[in-house]
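Coordinate-derived values only; no laboratory data. All figures in this text were calculated on a predicted structure; none of them were measured in a lab. Cβ sites come from the backbone with ideal geometry, for glycine too, and all protein chains shown count toward neighbours.
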Amino acid sequence: MQTHWQQHRAQLRQYISKRVDDSATVDDLLQEVYLKAHTQLHQLRAQGSLTAWLYRIAHNTIMDHHRQQRRWQALPEADELAAPEPDQAGLAHQELAQCLVPLIDELPERYRVPLKLAELEGMGQQAIADRLDLSLSGAKSRVQRARQQLRQKLTACCDIEVGRGGVLDFQPKGDRCGKC
């Protein structure tokens with residue numbers, strides 16, 4: 001083993017030094033590779049695969065080293081933490097949600113009930129169809145038409161700013177909407 005180790009030592013050191021910055025750590029890892037190889041020599045199946053086997057041990061040793069290096073920072077004290085900025089989009093969603101229920105209540109019953117079941121109660125469309133004694137396509141159609149009618153009522157009532165995350169902001173259009 002000693003002869004083979006001398007043949008591969010320089011190459012393994014170079015391999016490790018490319019993956020670890022500190023030269024003292026490189027030497028420590030190289031020594032650890034030697035110890036692992038020496039104690040596990042009985043697992044080596046063929047003499048021709050010695051090089052690949054040593055590199056595998058070196059690789060695993062390097063990975064173990066990186067896992068042990070925990071990079072974390074201490075959190076500042078609670079009084080030093082800044083309060084999070086209010087989420088404007090979240091506030092807009094909450095305010096707009098308060099407007100939706102009265103607008104949904106203005107829809108005809110045949111559209112209001114399936115929409116409430118789908119959107120407010122989270123019921124699946126097959127369950128809506130079963131509950132209202134409709135076909136699946138009938139339930140889907142009613143939910144879709146209810147959404148369209150709700151969208152028309154909402155856009156008639158409010159100016160809505162939409163972005164990637166959905167509704168960013170909204171403003172009621174004068175006196176047209178007493179719900180918001």
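Just the Cα atoms of region 88-176, one point each, no solvent: what log10 I(q)/I(0) does Debye give at q = 0.19 Å⁻¹? After summing over all Cα pairs, the log10 values are -0.88. Taken about its Cα centre, region 88-176 carries a charge dipole of roughly 360 debye when the Cβ of each Lys and Arg holds +1 and the Cβ of each Asp and Glu holds -1. Each residue of region 145-158 was assigned a 3J(HN,Hα) from its phi angle through the Karplus curve 6.51 cos²θ - 1.76 cosθ + 1.60 (θ = phi - 60°); the sequence is 5, 5, 4, 5, 5, 5, 4, 5, 5, 5, 6, 6, 8, 9 Hz, with glycine and proline shown as x.
In percent, rounded to a whole number, the relative contact order of region 88-176 is 32, using alpha-carbon pairs under 8 Å and six or more apart.
Amide H to amide H, with H built 1.01 Å from N, Phe170 comes under 5 Å of Glu161, counting only residues 5 or more places away or on other chains. Charged side chains reduced to their Cβ positions (Lys and Arg at +1, Asp and Glu at -1) give region 2-67 a dipole of some 300 debye around its Cα centre.
The orientation-averaged shadow of the Cα convex hull for region 2-67, equal to a quarter of the hull surface, comes to 4.2 nm². Straightening the chain between Asp133 and Asp159 buys 5.7 nm, computed as 0.36 nm per residue apart minus the Cα-Cα spacing. Of all lysines in the structure, those lying under 16 Å Cα to Cα from Lys140, and not within fewer than 8 positions of it along the same chain, are Lys116.
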